[in-house]
Amino acid sequence: MTFKELNIIEPILKALTAKEYFVPTPIQSESIPVLLQGKDILGSAQTGTGKTAAFAIPILQNLYVEKQTSNSRRTIKTLVLAPTRELALQIHDNFKEYSTNIDIKTTVIYGGVPQAKQVRILNQGVDILVATPGRLLDLIQQRKLTLSDVSYLVLDEADRMLDMGFVKDVKKIVAMVKKKRQTMFFSATMPKAIMNLANEILNNPVRVMITPDEEIMDIIKQSVYFVEKKRKIKLLIELLRNDDLKSALVFSRTKHGANNIVKYLDESNVRSKAIHGNKSQTARQKALTLFKSKQIRVLVATDIAARGIDVDELSHVINFDLPEVPETYIHRIGRTGRAGFGGVAISFCSPEQADLLKDIQKHIKMTIPVEKGSIFSIELSSIEVKPSRQNPSRSSRSNKSSRSNNSSNQSKQRQSYSRKKSKTNKVKPKNFSKYDSRNNSKK
Ligand code: AMP
């Protein structure tokens, strides 16, 4: 399948080629035809699957086609709502890149920065607006913009919106756009509250599901250290002495915790930065740039801040605190292994977190191998963590054997990737393993 076969128009194809997108990802090949037909979509997909292009390409194409037949003035026809500034900026950048050869204008608005520049750009006229809910409502209340012409509506990372308490705002905003519209609703997870919201907003949607697949889980080497809460930081510092740990995204449960980790790392001469909701936009961007350009090895983040961060070639994810929601574990560890070269996910579990680990293992249907090779490790028996269930296909490689299997899977994955690469010799390595047709299963 190529983008041409998906009937993408030449100027957009040209932009995609410039970005070295040669093969549509599963979510793109499933969503683009549906969206070009004007249908609503309910997509379960997380960042890293190519979801942004899956909705951006058909929107741009539809707007372009409409423009050929009408002379109407430039007004906001598309609204993309995103929970965080980082995600909003990324979506905006993608729209801009895909539309370099067509006369469609995109802008982005988000809070935490002065509004004057944003308003100035809006006044010049835009077709597509990417926004976080708070700033959007703010500007609407000040009558700086109106949504009355919006006929394409995208809600991205809806579960995060719910998490961040944006649901009321979202409903308010949806009520302001045209009733006759095409709506695209994406969420990494689909709990009941999200399904209810989707039912309210969507009209007879086509459901597309791209879940973090087993192959991604398989190429990530997972392990857990049992460690006393107060000794986690020492364990982290010990692990960071290993040069194989080229870049680590460390997850902290709280903002305060994230700051503390950075402080301790600093005292041990490990340069790191924290990224969370209390940091200014500038500080977050700076931290991200330093991390992406490998000037710092460690980025400490809370879940909400980490969503939408697009970092390729991340070697390690470290769960300093285990996540409260098991699904979040998959999203976190899926941050590594993105380039198809495997990755390492290490979790720290203190005795009081044993139940969280149990839930995670139940959710991923496997036992995470226990690492004992640190002076900070404590005995497994003092925690007694056992998975309540094991997936028959995974059960034979639980505990010790799991790790060696993980690495052999990892090398298999590498081989299949290099085969594919040499065959086409065109495909960009980025996330390619996810785009293998074997993963293109609709559930
Ligand atoms: P997203 O899930 O939208 O955050 O996309 C994840 C990453 O995949 C981004 O860096 C995109 O630029 C990249 N990407 C999206 N679609 C493709 C494609 N068809 N081929 C190669 N890379 C892609």
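Laboratory data are not the source of any read-out in this text; all were calculated from the coordinates shown. Quick caveat: nothing in here was measured; it's all calculated off a predicted structure. Heads up, the Cβs are rebuilt from the backbone with ideal geometry, glycines too, and the neighbour counts pull from every protein chain shown.
Using modelled amide H (1.01 Å from N, peptide plane; none on Pro or chain starts), what sits under 5 Å from the amide H of residue 370, excluding residues fewer than 5 places away?
Here 224 satisfy the definition.
Mind listing P(r) for segment 4-209? All alpha-carbon pairs, 5 Å bins, whole percents.
The percentages, shortest bin first, are 1, 7, 17, 21, 22, 17, 10, 4, 0.
Size of the dipole of segment 1-57 about the Cα centre, Lys and Arg at +1 and Asp and Glu at -1 on the beta carbon, nothing else charged, in debye to 20?
On the way: 5 positive and 5 negative charges, 18 e Å.
Using Cβ point charges on Lys, Arg, Asp and Glu, segment 1-57 gives about 80 debye.
Highest mean first, how do 8-14, 244-250 rank when packing is the count of other Cβ atoms within 10 Å averaged over residues? Mind dumping the intermediate values first?
Details: 8-14: 16.9, 244-250: 18.4.
Highest to lowest by the protection proxy: 244-250, 8-14.
Kindly write out, for segment 273-289 in residue order, the coupling ³J(HN,Hα) from the Karplus curve 6.51 cos²θ - 1.76 cosθ + 1.60 (θ = phi - 60°), rounded to whole Hz, with x marking Gly and Pro.
Using θ = phi - 60°, the values come out as 9, 9, 9, 7, x, 8, 7, 5, 4, 5, 5, 5, 4, 5, 4, 5, 5 Hz.
Please list, in order along segment 220-225, the HN-Hα scalar couplings obtained from phi with the Karplus expression 6.51 cos²θ - 1.76 cosθ + 1.60 (θ = phi - 60°), rounded to whole Hz, x for Gly and Pro.
9, 7, 9, 7, 9, 9
Could you sort the peptides 158-165, 288-295 by per-residue average Cβ neighbour count (10 Å cutoff), highest mean leading?
Working: 158-165: 19.8, 288-295: 14.4.
Packing order, densest peptide first, comes out as 158-165, 288-295.
Taking amide H positions as placed 1.01 Å from N in the peptide plane, with prolines and chain starts having none, which residues 5 or more places from residue 130, or on another chain, fall under 5 Å of its amide H?
Counting only residues 5 or more places away or on other chains, the set is 80, 107, 108, 109.
Hey, what did segment 4-209 get for relative contact order, percent, Cα under 8 Å, at least 6 apart? Numbers along the way, then the final one.
On the way: 338 pairs, mean separation 59.8, N = 206.
The value is 29 percent.
Placing unit charges on C-beta atoms (Lys and Arg positive, Asp and Glu negative, everything else neutral), compute the dipole magnitude of segment 4-209 about its Cα centre in debye, rounded to 20. Mind dumping the intermediate values first?
Working: 27 positive and 19 negative charges, 153 e Å.
That gives a dipole near 740 debye.
Enumerate the amide H contacts of residue 227 below 5 Å, restricted to partners 5 or more residues apart or on another chain; note that Pro and chain-start residues carry no placed amide H.
Here 349, 350, 378 satisfy the definition.
Just check segment 1-106 against the gyration tensor rule for me: Cα atoms, a ≥ b ≥ c as the square roots of the eigenvalues, rounded for a/c under 1.5, and otherwise prolate or oblate depending on whether a/b exceeds b/c. Please list the in-between numbers first.
Numbers: a/c = 1.37, a/b = 1.12, b/c = 1.22.
Note, shape of segment 1-106 comes out rounded.
When a/c is below 1.5 the answer is rounded, else prolate if a/b is larger than b/c, else oblate, so apply that to segment 1-55 with a ≥ b ≥ c taken from the square roots of the Cα gyration tensor eigenvalues. Let's see the in-between values first.
Details: a/c = 2.08, a/b = 1.30, b/c = 1.60.
The shape class here is oblate.
Going down the table (39/286; 171/358; 294/358; 4/105; 19/263), which pairs top 28 Å between alpha carbons? Write out the running numbers ahead of the final one.
Details: 39/286 39 Å; 171/358 36 Å; 294/358 34 Å; 4/105 23 Å; 19/263 39 Å.
From 39/286; 171/358; 294/358; 4/105; 19/263, over 28 Å: 39/286; 171/358; 294/358; 19/263.
Only Lys, Arg, Asp and Glu count, each charged at its Cβ (+1, +1, -1, -1), so figure out the dipole size of segment 137-225 about its Cα centre, rounded to 20 debye. Before the final figure, lay out each step's value.
Numbers: 13 positive and 12 negative charges, 155 e Å.
With only Lys, Arg, Asp and Glu charged at Cβ, the dipole is about 740 debye.
Note the full-extension length gain between residue 253 and residue 121 as 0.36 nm times their separation in residues minus their Cα-Cα distance, in nm to one decimal.
Numbers: separation 132, 0.36 × 132 = 47.52 nm, distance 3.72 nm.
Length gained, residue 253 through residue 121: 43.8 nm.
Measuring from centroid to centroid over Cα atoms, what is the spacing of segment 63-110 and segment 346-363 in Å?
Between the Cα centre of segment 63-110 and that of segment 346-363, the gap is 42 Å.
Which is farthest toward the positive dipole end of segment 4-209 among 108, 35, 61, measuring Cα position about the Cα centre, with Cβ charges +1 (Lys, Arg) and -1 (Asp, Glu)?
Most positive-ward Cα: 108.
Across segment 129-142, in residue order, what do the Karplus-derived ³J(HN,Hα) couplings come to in whole Hz, using 6.51 cos²θ - 1.76 cosθ + 1.60 with θ = phi - 60° and x for Gly and Pro?
Once θ is set to phi - 60°, the couplings for segment 129-142 become 10, 9, 8, 8, x, x, 5, 4, 4, 4, 6, 5, 4, 7 Hz.
Using per-residue counts of other Cβ atoms within 10 Å, averaged over each peptide, order 98-104, 267-273 from highest down. Spell out each step's value before the answer.
Numbers: 98-104: 18.7, 267-273: 15.4.
For the peptides 98-104, 267-273, the packing ranking is 98-104, 267-273.
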